[in-house]
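One structure is given here, and the rest of the page talks about it.
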Amino acid sequence: MKIKCLPFYQLNLDEFYTSMALRQQVFVVEQNCPYLDADGFDKEAWHLMGWDEEGDLVAYTRLLPKGTSYKDYASLGRVVSSSKVRGKGAGKEIMLASIEWCKKLFPNQKVKISAQVYALDFYKNLGFETVGEEYLEDDIPHMSMILKE
């Protein structure tokens, strides 16, 4: 997978459109969860994209500086992989790249995520630990997680 990480204003229209289409395909259509994806944070974010050999966007995350999603934490979210590559390691690859980019972009900042409960073990295996209680976000059970130092 070819990884590319750009701030919002360096994305070209095709990159932004394709990332929004992937996010909506998975989060809105596949998970049957209507919500406003364009939440105002994309302009503050770095967009980490994973492209396959055929030029298709197959994995994506959004990296946010401290104070955007969480007052005291940098964060990453909108973690998504295409059905084309699910179960083939693309999710782990995009997350490892996301963690490395967070360390470069936001040095000495703790990273917090809002994880869907079904994926807690996936994130735990990447070094995240749960904090707090389970909660509903867009009617899907979530838990907060923080990346261990």
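A few remarks follow.
- The stretch between D56 and A21 holds 11.4 nm of extra length on full extension. This uses 0.36 nm per residue minus the Cα-Cα distance.
- Volume per residue of the convex hull around the Cα atoms, evaluated for the chain, comes out as 109 Å³.
- Computed [θ] at 222 nm, deg cm²/dmol, the chain (DSSP H ≥ 4; -39,500 (n - 2.57); rounded to nearest 500): -6500 deg cm²/dmol
- Potential extension, Y9-D121 segment - 0.36 nm per residue separation minus Cα distance: 36.9 nm
- For K84, a cut-off of 26 angstrom between C-alpha atoms picks up these lysines, skipping any fewer than 8 places away in its own chain: K2, K4, K92, K124.
- Most tightly packed first, judged by the mean number of other beta-carbon atoms within 10 Å of their residues, the peptides 109-115, 143-149 read 109-115, 143-149.
- The magnitude of the dipole of the chain, with charges of +1 and -1 set on the Cβ of Lys/Arg and Asp/Glu and taken from the Cα centre, is near 520 debye.
- Relative contact order computed over the chain (Cα-Cα under 8 Å; 6+ residues apart), in percent: 19 percent
- Zero-based 10 Å bins, Cα pair distances in segment 62-130, whole percents: 20, 54, 24, 3
- Of all the options A21, A59, A119, the one that moves most in a Gaussian network model of the chain with Cα springs shorter than 10 angstrom is A119.
- Extended-chain gain in nm, criterion 0.36 nm per residue less alpha-carbon gap, K104 and V29: 23.7 nm
Each value in this text was obtained by applying a stated rule to the coordinates, not by laboratory testing. Nothing here was measured: the structure is a model prediction, and the numbers come from that model. Counting neighbours? That spans all protein chains shown, and the Cβs are built from the backbone with ideal geometry, glycine included.
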